1. Which of the numbered conditions does Ala36 fail, given that it passes all the others? Conditions: (1) at pLDDT 95 or above; (2) touching a Lys or Arg at 6+ places or on another chain (Cβ under 7 Å).
2. Listed residues Lys43, Lys105, Lys98; which is modelled with pLDDT of 95 or more, more than 15 Å from the chain's Cα centre (by Cα) and exposed (fewer than 13 other Cβ atoms within 10 Å of the Cβ)?
3. Give the residues of the range 6-47 that are small (Gly, Ala, Ser) and either part of a strand (DSSP E or B) or farther than 24 Å from Asn69 by Cβ (or both), sorted by residue number.
4. Take the residues in the range 48-64 that are acidic (Asp, Glu) and assigned to a loop (DSSP other than H, G, I, E, B); name whichever of them is nearest to Ala80 (Cα to Cα).
Amino acid sequence: MPAKGKTSSTASKRSKQQRAYNSTPAQKKRRAQRNAARAKLIKEGKVSKGDGKDVDHKDKNTANNSSKNLRVKSKSSNRADNKSNSASTKRKAAATKKSRKTAKK
């Protein structure tokens with residue numbers, strides 16, 4: 001096993017990039033905010049460890065952990081909801097729509 005903060009010599013390029021990205025101060029802060037939101041809902045008894053649920057931020061701002069902004073959602077619905085709002089998904093949808101129009105002509 002590699003030393004803490006290091007990747008193994010057989011690690012893929014993608015895993016090395018992901019480790020570097022996840023270790024940036026900004027990502028550490030966002031992860032801590034998400035963990036704090038989950039801890040808050042565990043304390044309130046709304047979720048439990050291993051229940052298969054996600055804590056969703058209604059306004060998509062992980063720094064806003066007010067009770068009014070947090071809700072419990074299933075993993076599939078939360079991740080589908082967040083995926084549909086991403087910029088890359090919107091670009092892909094626009095490209096698909098454009099290609100369909102050119103195919104009809």
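The values are calculated or read from the model by the stated rules, or taken from the named source; none is laboratory data. Every value quoted in this text rests on a predicted model; they were computed, and no experiment measured them. No Cβ is skipped: glycine too gets one built from the backbone with ideal geometry, and neighbour counts run over all protein chains shown.
1. The single condition Ala36 does not satisfy is (2).
2. Exactly one residue qualifies, and that residue is Lys43.
3. Of everything in the range 6-47, those that are small (Gly, Ala, Ser) and either part of a strand (DSSP E or B) or farther than 24 Å from Asn69 by Cβ (or both) turn out to be Ser8, Ser9, Ala11, Ser12, Ser15, Ala20, Ser23.
4. Among those that are acidic (Asp, Glu) and assigned to a loop (DSSP other than H, G, I, E, B), it is Asp59.
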